[in-house]
Each structure stands twice: as C-alpha cells, then as structure tokens.
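The values are calculated or read from the model by the stated rules, or taken from the named source; none is laboratory data. Source: prediction; values computed, not measured. Neighbour counts run over all protein chains shown; Cβ positions are idealised from the backbone, glycine included.
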Amino acid sequence: MIGRMEGFAALGQGLGLRPPFYEAAATGASSGTAVAAVDWWEVISENFMGEGGNPRRVLRAARARRPIVLHGVSMSLGSTDPLDARYLDRLAALAAEIEPAWISDHLCWSSLGGHRAHDLWPLPFTEEALRHVAARVARVQERLGRRILVENVSSYLTYRHSTMSEPEFLTALAERADCGLLLDVNNVFVSAHNHGFDAVAFLDAIPRERVGQFHLAGHETLPTHLRDTHDRPVCDGVWELYRHAVARFGDVATLLERDDHIPPLDELCAELRHAGEIARASRGGADK
Amino acid sequence: MKLADLEARFYELVTARDSVAVTVAEGGPEVRRAVEQMVVGDARLPAIARLEIYADMYFTRLRDVLAEEYAKTAAALGGAAFHPLVVDYLDACRPDHPSMREVGARLPSFLAAHPAGARRPWLAELARLERARLEMVDGADAETLTLEALRTLPPERFATLDLRLVPSHALLATRFDVVPLWRSDDPGAPVPAPSPTALLVWRCELEVFHRAVDAEEGDWLRRLESGDVMFASLCAGLGRGRSDEAAAARAFELVGRWASDGLLRAPEPEGSELPPR
C-alpha cells in the first residue's frame, strides 16, 4: 500500500464538468446509466466565480450528489507578477461554499504586467524559479487554508538555462512547498514526445506519496509535435502510460478531461470505465 | 537568465501583433541570437517555431472566445473583417482579468471607435447587446415578485409596494434598433435605420431576455434602478396628462409586465429590514 498525503482521497474516476453535462450532474439523470459511472466532477474554478445564474445552481446541485474538485487555470504560480489577492479571495469564497475535495492549478505562468494570457506557459527549471514558485504555492496554501495540487503542463519548448529536469523540479517543489502533485499523464506523454525524454522515467522520478490525482485526455498528432487538445479520446500510448502510473502511484483519483468535440456522456463514461478497469486490475481485480 | 527577463521576452514575442518569425526578423540578428540562447530548438522544431506554437495558441484561443461571445456581431461584420478587428483589439486591450469571460468586455467600446465600427455604428450597439446578455448569465440571483404573488397582494399593500428591479438586468440606450439584426443570422440583413431605442436586458430564472421598451417605460425603469419607487409614486407620476383611472391602468399594466417578465424583486417579509441599495 502506498502512503499518500492526507487530504487527497481515492475518489475513483471523475469527469470534467462542461456545459453539456450540467443537467446530468445537477439532477443525476442521463440517457442510460452513464452518469452513474462518474464518481466525482472537476470544474474549472474560474467558470464558477460568477455571483449566480445557472453555473452556480449547477455546481451546488452537482456538489449535493458527488464530490467536486476545483481546478484553476489562472493562479499563474510561476509569474513574476504579484499573486492576485482578489482572485484568491474569490477562490477561497467559492471553496467555502462548495467545500471541494481539493483545489488544484498548474505549474506554469500565465500573466505579466497585469495582463492575462489565458494559456499555460512553461517555466524554466532553475533554482530561482523553484524558490519563486515554492514561496507562492506556500502563500496560496496559507490563504486557502489547505494543501493544493500542482499539475505538470504539456509543453512545446524548454529553456537552455534550465538546470534540472521537470520531475526534479516537481519533486523539489512538492517538498519545499509541502504541496501535492496532479500528474497529467497525457501531458507527460505529449511533453515526452515534444522534447524527446522517456515518459516512463519521468513517472518513475516522481515521489509516490505526493501524487493526489491523475489527468487523462486526448491530444492531436501533428507532423512536428503533439498538441494537447482535449478534443478526442485518450490514445493507446497514454492508456499504456496510465497503466504504469497506476502501478507506481496506486489507485489515485483519475479525471478525464474533454473540452472540445464533446461526445455524448455515454461515450466518455466508457473511457471512465476503462480507467476504472485499469485501477481494479492494479488491485489484483478486487472491487472496492 | 533571470526569470523576470525570460518572462518579459517570452511575453513580448508570443503576444506581438505579428508572428514570432516576423518579430524576430524585424529585431535583427541580435534578437534571433537571444531567442536561440533562450529556447532549445532542434531540426524538427527550431526555437522560433516552438515559440510560434505558443503565439498561435494565444491568439487562436482568445479569438475563438470573442467569436463565440460576439457571434452575431462577427456575423454582421463578416468573418474576413472580424479577424483584423480581433488583432487590433487584443493589441489595444490586453486581457487583464483571471476569467476568460472578461476578455471581450471592452470590445463594444473598442469597436465603436474602430474604423470597422465607425463605418457601421450599429455594430458596436449590437456588440453591447451581446455583451449585456452574456453578463446576465451568471449575474447575481434574487427572489422575484411573481405575477401570482402580485395578484394575491392585499389591496392596502399595493400603495406602499416597493418596486425594485432584480440585480441581473441592464438598460441600454442605442441609436439604432439592433433587435432585428440580433434576431437575424443573415450577414446581409438590412442595415438598421437610425432609431433611438431603449433596450432592457435581464435574466429570469436561468434564461436571458431582451426587449425594446418605450420612452415612458424606459424612464420608469431608470427610476426603479435609482430606488425609492413605490406603486403609489408610479401611479402619481403616470397621472400627468392622464385621468386617475388611466394612470392606474397604465401602472398596473407596467407592474404586471415587469412581474410577468421576472424583473421585480420579491418584497422583503414584513418587519425585516431592506438590504442597503
């Protein structure tokens, strides 16, 4: 049994909550029994920070039925801009209302000079960046009153002056900031292809006890690189890597992301069930 | 290389109006060298091509958000003209809010001053309508005064009935009647004639609505926004130039419509303090 950090339960298989699934999440009703396969929902925090209307109604109703995880895209942990205190206040208020299972964001930067990129830009893996990000993660955790998970992003470039590998950076960050890691298996696969590193070695270099969640998603294969698109099913290579991740990290809460070309819920739930079968196989076929 | 310097250089290249390749070429060999010293490149993907991926993603994502939020404005403007408008807009109005929804907040006013909008001034007003509708979607909730509740209100309560609008509403004054343009998805729809119009946009339950209001209704809605309008003062105000009966009938007509639309807040229970306005 792998000793995992407190606060990140093995929730099972979850799905990113997107508008086509709002009613199913809120009411528990869907064609067939698809929604029953969704053990928990992950929401993009920023999409639910409005004061009212349908998003907040759905979130409250979904929360009454299943655990919710708040996954942010705008914390900009690596930016040299100051942390956005108003953003953190709003996130804290949302968390106080929804009581999420946990909160996560990305190892990246996405703002400069007060401007927002709405993208996940890569950081250099240097001691300076590590000190900077670790201090900010610690401040965020203090403000939110809880540990957060930090996710590895898919990337298309690396910097010449990086002095450590991404797994070394993530490991050191988790230890210094005492945070958890959200391991995006698809992002590891995409980045491994784009930068020519070994995806399995990446996973093997991540400390077992720090991983609180997995992400799975689809990507596009282009002639020169892989592009993280979340617009198609998980490919065989990512499933294979996921098998290795489950074998190494155990039965970690797994989330399927789909943001574009969203198919019927039944179709995504078939992928969720496949993830569940892999997790069950890692337990020697035992149900729980 | 310091983190702050790296972020500044990356940001400048990736968010520039032009492609990374053009920006680097214009910067000369020194800029090219600096980029190659910053980013690892290889035969498959040189450093500039890797930065270009981020530049493409930055622009495409924001353009797609704007195209979705301003679908009718984009259709009326024409796809070919929407793209350069977005380039100019993102150059002048960099996103500065953590929510993607706010990326397009300044587009209507930008379009009004942009050559594309100056030639067709109704487009900026159409964009204002689209924006107002979007802002209602997740605006604050409020309990509404229903038509049924209004009908069962004791007659003696009517005079002092405090008429307050729900928070998720907006009143727009436009120089053109853009509602037919909003209804039409035809880029070749007739140009709206100049016609000063007051547009009311609001959310009832989960749905967003808009409709044109006449000058009198628009005037009273603005007074309701300011507060301190009771049913009796509405009747008195509508009495100018009308008989008492006609004024009361008009007041009931307006309040009935507002209640039916879900525009009025439910009155506070007896004895409770009103929230600050």
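The figures follow:
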read-out: Search result, residues across the range B:26-47 that are surrounded by 19 or more Cβ atoms within 10 Å (Cβ to Cβ) and facing chain A (nearest Cβ under 10 Å); value: B:Met38, B:Val39, B:Leu45, B:Ala47
read-out: Answer from A:Leu59, A:Leu120 - the residue that is over 30 Å from B:Ala55 (Cβ atoms) and at pLDDT 95 or above; value: A:Leu59
read-out: A:Thr158 being at pLDDT 95 or above, within 14 Å of chain B (Cβ to nearest Cβ), under 19 Å from B:Val39 (Cα atoms) and in contact with a strand residue (DSSP E or B) (Cβ under 9 Å, 6 or more places away or on another chain); value: yes
read-out: Residue selected from the range B:1-25 under the condition at the interface with another protein chain (Cβ under 10 Å from one of its Cβ atoms) and assigned to a loop (DSSP other than H, G, I, E, B), by the criterion surrounded by the most Cβ atoms within 10 Å (Cβ to Cβ); value: B:Thr15
read-out: Whichever residue in the range B:142-163 is in contact with a Pro (Cβ under 8 Å, 6 or more places away or on another chain) and within 28 Å of A:Pro55 (Cα to Cα) and, among such residues, is nearest to the other protein chains (Cβ to nearest Cβ); value: B:Ala142
read-out: Residue in the range A:175-186 that is within 14 Å of chain B (Cβ to nearest Cβ), over 19 Å from the mean Cα position of the chain (by Cα) and on the phi < 0 side of the Ramachandran plot present; value: no
read-out: Matching residues, the range A:211-242, being over 23 Å from A:Leu157 (Cα atoms) and free of Cβ contacts under 8 Å to residues at least 12 places away in the same chain; value: A:Asp236, A:Glu240
read-out: Residue match in the range B:85-99 (condition: under 29 Å from A:Pro223 (Cα atoms) and surrounded by 15 or more Cβ atoms within 10 Å (Cβ to Cβ)); value: yes
read-out: Residues (within 24 Å of A:Ser165 (Cα to Cα), among the small types (Gly, Ala, Ser) and in contact with a Ser or Thr (Cβ under 7 Å, 6 or more places away or on another chain)) located in the range A:75-130; value: A:Ser76, A:Ser79, A:Ser110, A:Ser111
read-out: Extreme residue, surrounded by the fewest Cβ atoms within 10 Å (Cβ to Cβ), among residues of the range A:23-48 that are within 14 Å of chain B (Cβ to nearest Cβ) and in contact with a Pro (Cβ under 8 Å, 6 or more places away or on another chain); value: A:Asn47
read-out: Answer residue from the range B:100-128, given it is among the hydrophobic types (A, V, I, L, M, F, W, C) and surrounded by fewer than 23 Cβ atoms within 10 Å (Cβ to Cβ) and is nearest to A:Asp81 (Cα to Cα) among those; value: B:Met100
read-out: Residues of the range A:190-203 satisfying the condition of being under 17 Å from the mean Cα position of the chain (by Cα) and over 23 Å from B:Ala47 (Cβ atoms); value: A:Leu203
read-out: Tally, over the range A:51-92, of residues that are without any contact (Cβ under 8 Å) to a residue 40 or more places away in the chain, in a loop (DSSP other than H, G, I, E, B) and more than 11 Å from chain B (Cβ to nearest Cβ); value: 1
read-out: Residue list for the range A:207-254, restricted to those being within 14 Å of chain B (Cβ to nearest Cβ), within 22 Å of A:Arg273 (Cβ to Cβ) and of a type in the set (Asp, Glu); value: A:Asp231
read-out: Residues of the range A:97-114 satisfying the condition of being farther than 11 Å from A:Ser74 by Cα, facing another protein chain (nearest Cβ under 8 Å) and touching a helix residue (DSSP H, G or I) at 6+ places or on another chain (Cβ under 9 Å); value: A:Leu112, A:Gly113
read-out: Checklist (1) of a type outside the set (A, V, I, L, M, F, W, C); (2) under 26 Å from A:Thr224 (Cα atoms); (3) touching a residue at least 40 places away in the same chain (Cβ under 8 Å); (4) assigned to a helix (DSSP H, G or I) applied to B:Thr73, failing item; value: (2)
read-out: Of the criteria (1) in a strand (DSSP E or B); (2) under 17 Å from the mean Cα position of the chain (by Cα), which one B:Ser195 fails; value: (2)
read-out: Residue in the range A:123-137 that is in contact (Cβ under 8 Å) with a residue 40 or more places away in the chain, more than 7 Å from every other protein chain (Cβ to nearest Cβ) and not in a helix (DSSP H, G or I) present; value: yes
